[in-house]
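Bear in mind that the values in this text are calculations on the coordinates, not laboratory data. Model, not experiment: these values are computed from the prediction. All Cβ positions, glycine included, derive from the backbone under ideal geometry; neighbour counts span all protein chains shown.
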2 protein chains.
Amino acid sequence: MSLLDAIKFNDAGLVPAIAQDAATGRVLMMAWMNAEAVNQTIETGFAHYYSRSRQKQWMKGESSGHVQKVIDMFLDCDGDTMLLIIEQTGPACHTNRKSCFYKKAEDGEWAINEEPLK
Amino acid sequence: MSLLDAIKFNDAGLVPAIAQDAATGRVLMMAWMNAEAVNQTIETGFAHYYSRSRQKQWMKGESSGHVQKVIDMFLDCDGDTMLLIIEQTGPACHTNRKSCFYKKAEDGEWAINEEPLK
């Protein structure tokens, strides 16, 4: 069974993919892939996703240069979530932070945990 | 704005939540939360999710004992994905593996990367 056949895409034809920094172990972002994005990721070795807002496939960093070189790729027990271990060039977040997960629950509010890179 | 108000639940009223091991940094699983599960997680300090197959909220480990004590909770830039830093009791995966992400892409196939705990 090929890599693609084992993936359970949702009704919209998408699968969530978590990107984790190979160097630091930090979880950087979560985005969605369609089958084409999975194939492009495998073929090129760089993470491709599907933008639900723009309704198109894209290579992470294609405009910003903040690409993600894929070191390892995992599928979970249910086959419906992927985990990419990646080498991140520049910040992963469009806010110019290393990770998209910079709002931390503190005293009942989301506190900004990290400032954008200069 | 309360923690809950900032979360963008999807059309089904759910938000994906990634669980990462506080000790090892390993990504253990991804599951879904409804608003009630988020509230229960905050109130109890233990991860609660919503089972889409069983259509009910559940506390992780309520039957297996493999609970997740929440150390930190993050929300991403878009407000539509959560990251829980947790202390995992026992294996996180229902297959008795530490992580649900045990299928690794190797030579065009998903190779089993980890055996179940005895």
**Request:** Note down the nm distance, to one decimal, between modelled labels 7 Å out along Cα→Cβ at B:Lys56 and at A:Arg54.
**Result:** 4.3 nm
**Fill in**
In deg cm²/dmol, rounded to the nearest 500, the helical mean residue ellipticity at 222 nm of chain B, built from -39500 (n - 2.57) for every DSSP H run of length 4 or more, is -2500 deg cm²/dmol
**Equivalent ellipsoid, the protein assembly as shown (semi-axes from 5 times Cα gyration tensor eigenvalues, Å)** = 25, 22, 17
**Request:** Go through B:Lys60/B:Lys118; B:Lys60/B:Lys98; A:Lys8/B:Lys8; A:Lys103/B:Lys69 and tell me which ones have a Cα-Cα distance over 22 Å in this structure.
**Result:** A:Lys8/B:Lys8
**Asked** Using alpha carbons only, how many degrees (0 to 90, rounded to 10) separate the axis of helix A:35-44 from the longest principal axis of chain A?
**Response** 80 degrees
**Request:** Check each of the GluC sites (Glu not before Pro) in region B:15-107 and keep only those in coil by DSSP with at most 15 other C-beta atoms within 10 angstrom; list them in order.
**Result:** B:Glu62
**Prompt:** Could you give P(r) for region B:4-112, binned at 10 Å from zero, as whole percent values over all Cα-Cα pairs?
**Reply:** 15, 47, 30, 8, 1
**Request:** Could you please point out the chain B residue with its Cβ nearest to the axis of the rotation taking chain B onto chain A, and the distance in whole angstrom?
**Result:** B:Gly25, 2
